[in-house]
Amino acid sequence: MGKTNKKQVIKRLQPLDVNILKTLYDYRILSTQQIQQHHDLTWRYAYKKISILRNTGYIISKPTKGYNAKQARQGNHHRISETGIACLRKQGYPVERRADDLRVRTYHVPYLLTTNEIFLRLQQAGWTIQDSRHVKRTFNLNRADNVQGIATSPRGAAYVVYTFLHGISAKNLAKTVREMEMHRTDERTQSGERYFENYALFAKGQDSFIRVIDRLMDSRAMLQCNSIKVFPLGFGKSYVAEFADDQASLHQYLVQNKNLTFKASVREGNHPKGFHHIVQHNGEEKYFINLLDTDIVKINYILAYRKDRYIRNGRKVLVLTHAGLHPIHERLLKHIHHVEFLPIDQDFLNKQMKK
């Protein structure tokens with residue numbers, strides 16, 4: 001395309017074109033589907049917009065590999081070019097990085113695309129996102145660390161995010177766990193305080209999900225944190241957006257449909273550590289634990305509530321689960337016989353997540 005024609009196209013850039021460029025600048029790379037869904041476009045219109053931006057030099061597109069293990073052809077992913085960044089600058093958008101600074105190494109592409117699935121969903125729900133580079137720079141972490149960023153809810157709860165793909169290696173998983181165990185303030189202060197208190201880990205595929213859980217169960221990290229939530233990717237990105245920081249609608253559903261009455265929240269003292277809710281269920285008082293987030297810290301609290309303590313206390317533990325997680329939760333808690341499981345209707349979760 002000649003220079004004259006290109007200038008004419010630049011002048012005709014619409015607000016949507018600029019918004020797509022902004023999103024690509026913020027997220028570094030996005031798949032065609034992510035652009036289509038985030039900007040609420042039809043497939044046909046998304047392809048048209050992407051083609052225009054690519055043909056006029058505002059973005060660069062490349063074939064994707066390793067992102068979807070079940071597909072040989074996985075479409076393209078896109079990143080902003082230097083021309084696109086210059087356009088954002090002219091539009092008054094604050095840009096500090098060059099296009100080369102935003103380049104993603106080939107092996108890292110599927111990890112970042114997977115992470116962006118989560119971050120785009122959370123951003124739509126009002127969460128604030130800090131990407132991995134910002135987090136590593138702010139907390140002086142190693143550039144090679146696996147941390148993908150921090151997501152902060154509208155109520156202020158911040159979660160360090162890690163993502164795992166199909167067929168995660170034992171070496172990579174061990175590296176992640178070591179990072180989590182070492183997230184402390186400067187050791188010279190000898191304070192023992194941590195940089196981070198809450199984690200949200202997302203695993204692609206059932207095998208990866210189970211391997212992450214089993215490895216973390218043997219980690220010191222679960223003894224040092226407030227929460228380490230582990231999710232299957234598809235379920236987790238919607239669950240966190242809807243329920244991680246506000247479970248009122250979930251509790252309301254249980255009261256109305258599961259013969260459950262929430263009593264006053266409890267504090268530690270005469271109660272086991274980590275148990276915050278007592279419910280009335282089937283004529284009995286029980287401790288209530290929501291394990292839909294498969295929080296490793298919560299599981300550790302349940303395991304610590306041993307038989308002798310239960311005999312003195314008299315309250316069983318009622319664990320909230322659903323069909324996809326129930327077998328895993330049962331296996332993890334198989335030695336605690338004073339645990340009962342309350343499966344939730346998956347349809348309820350689906351309805352909530354579509355709101």
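When the residues of the range 181-206 are filtered to those that are of a type in the set (G, A, S) and modelled with pLDDT of 70 or more, which remaining residue is most open to solvent (accessible area, probe 1.4 Å)?
Among those that are of a type in the set (G, A, S) and modelled with pLDDT of 70 or more, it is G205.
Checking the condition at pLDDT 90 or above and in a loop (DSSP other than H, G, I, E, B), which residue from F288, F209, F231, F275 passes?
F275
If you scan the range 235-255, which residues turn out to be open to solvent by 10 Å² or more (accessible area, probe 1.4 Å), touching an Asp or Glu at 6+ places or on another chain (Cβ under 9 Å) and part of a helix (DSSP H, G or I)?
Scanning the range 235-255 gives K237, S249, Y253.
Among (1) part of a loop (DSSP other than H, G, I, E, B); (2) within 22 Å of R215 (Cα to Cα), which single condition is S265 missing?
With (1) part of a loop (DSSP other than H, G, I, E, B); (2) within 22 Å of R215 (Cα to Cα) applied to S265, the lone miss is (2).
Can you tell me which residue within the range 301-329, out of those that are within 21 Å of the chain's Cα centre (by Cα) and part of a helix (DSSP H, G or I), is surrounded by the fewest Cβ atoms within 10 Å (Cβ to Cβ)?
H326
Filtering the range 92-117 down to residues that are touching a helix residue (DSSP H, G or I) at 6+ places or on another chain (Cβ under 8 Å) and among the basic types (K, R), which residue is surrounded by the fewest Cβ atoms within 10 Å (Cβ to Cβ)?
Out of the qualifying residues, it is R98.
Please work out which one of (1) more than 22 Å from the chain's Cα centre (by Cα); (2) closer than 26 Å to I168 by Cβ is the condition V147 fails and give its number.
(1)
Condition first: in contact with a Leu (Cβ under 7 Å, 6 or more places away or on another chain), in contact (Cβ under 8 Å) with a residue 60 or more places away in the chain, assigned to a loop (DSSP other than H, G, I, E, B) and open to solvent by less than 50 Å² (accessible area, probe 1.4 Å). Can you find one or more residues in the range 33-46 that meet it?
no
The values are calculated or read from the model by the stated rules, or taken from the named source; none is laboratory data. What you are looking at is a predicted structure, and each value in this text was computed from that prediction instead of being measured. We place every Cβ from the backbone using ideal geometry, glycine too, and count neighbours over all the protein chains shown. We work out accessible area using only protein heavy atoms, side chains counted, and drop any ligands, DNA or RNA first. Shrake-Rupley method; radii C 1.70, N 1.55, O 1.52, S 1.80 Å.
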